[in-house]
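Contents: one structure, followed by commentary.
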């Protein structure tokens, strides 16, 4: 066990390990029991019958239903993620401003949209747009707008907390070498803050991807709508099988997003943080070259063995001045 884990908690003893093993066995048994109960109930209803799953082997099921729904979900998720990141970066930096007239309104906007439920935001935009711009299909705008406002407000707080988590000595050192506040923020604080808050950003983007399913309520045809409405309407009795397949697709999307974020975090750590765990401020500010050539050692001439190892003679002994007796 590593030293860090020993600091965080005490290593369990023999009795604690036996108790943990017993609890693990009981929990695994309970989970298997629940899974078997669900499986048996589905089997009684005939949900595992081949005729209810056979349509997933047809190419038309994927090209006409699942892939269009997946494309619509990814479209909303991509637009919402981009706009939420921009919104969060803008208002997060505004909350860190030294000017009160910028900091306080930005804080009010962030707190208001964080406190409003996402579904209420989507409904508000969906009913507001026809009033302002006339009749039309505003489901995409309402869904993207709600996701942007809610998740952008959360990301603004994440950004602010990440910047404030950077040690104060980093900014003081940057100011000491002559950087202004813009340079300190863009070259020193933000690279470290993004590395620190990457897990929080990814978890919020995963939440955003799952929240795209709320478009089902306002009539947006996404992956959930195709799986629960359109696909069972064309293949009767396949609602449960379609729900299972759609859930597996959502799990795959979220796991892919998590793997991508882990790769980005490792890459950012390699590029921004040096071997000593800090950031070379002069290199980031452009005040020193990226790489300095290694200094070649000076060649020294070896002394012969006879010269360095020979016994001293009388000529080599320094003479001391003779003192006369008083």
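Here, each number is a calculation from the coordinates, and none is a lab measurement. Bear in mind that the values here come from a model prediction, so they are computed numbers and not experimental data. FYI the Cβ positions are ideal-geometry reconstructions off the backbone, even for glycines, and counts take in every protein chain you see.
Here the residues 262, 40, 242, 225, ranked from fewest to most Cβ neighbours within 10 Å of their Cβ, fall in the order 40, 262, 225, 242. With neighbours defined as other Cβ atoms within 10 Å of a residue's Cβ, the residues 222, 211 order from fewest to most as 211, 222.
Per residue, the convex hull spanned by the Cα atoms of segment 178-218 measures out at 68 cubic angstrom. Here residue 59 and residue 22 are evaluated by their C-beta separation; at R0 = 56 Å the FRET efficiency comes out at 0.65. Residues of segment 35-75 with an amide N closer than 17 Å to a point placed 7 Å from the Cα of residue 234 along the Cα-to-Cβ direction: 52-73. For the pair residue 196 and residue 170, the difference between a 0.36 nm per residue extended length and the Cα-Cα distance amounts to 7.9 nm.
Here each label is just a point 7 Å from Cα along the line to Cβ, and for residue 67 and residue 35 those points are 3.2 nm apart.
Here segment 1-147 is treated as a Stokes sphere of Kirkwood radius computed over C-alpha pairs; at 37 °C and 0.692 mPa s its diffusion coefficient rounds to 149 µm²/s.
Work out, step by step, the length gained on full extension between residue 44 and residue 119: first 0.36 nm times the residue separation, then minus their alpha carbon distance; give nm to one decimal.
Taking 0.36 nm per residue and subtracting the Cα distance, the gain is 23.4 nm.
Over segment 117-233, the fraction of Cα-Cα pairs per 5 Å bin, rounded to whole percents and listed from the shortest bin up, is 2, 11, 16, 14, 12, 11, 9, 8, 7, 5, 3, 1, 0, 0.
Seen from every direction in turn and averaged, the convex hull around the alpha carbons of segment 31-87 projects onto 6.7 nm².
Reported to two decimal places, what Rg/Rh ratio describes segment 171-243 when computed on Cα atoms with Rh from the Kirkwood expression? Each step should come with its number before you reach the end.
On the way: Rg = 23.1 Å, Rh = 16.1 Å.
Taking Rh as the inverse mean 1/r over Cα pairs, Rg/Rh reads 1.44.
Relative protection proxy for 87-94, 244-251, from highest mean packing down: 87-94, 244-251 (other beta-carbon atoms within 10 angstrom). Protection proxy ranking for 228-236, 68-76, using the average of other Cβ atoms within 10 Å per residue and placing the highest first: 68-76, 228-236.
Taken along the Cα-to-beta-carbon direction at a fixed 7 Å, the label points for residue 255 and residue 78 span 2.3 nm. Ranking of 216, 39, 150 by neighbouring Cβ atoms within 10 Å, starting from the fewest: 39, 216, 150. For residue 207 and residue 132, a Förster radius of 30 Å and the Cβ-Cβ distance give a FRET efficiency of 0.55, rounded to the nearest 0.05.
If R0 equals 35 Å, the separation of the Cβ atoms of residue 243 and residue 103 corresponds to a calculated FRET efficiency of about 0.15.
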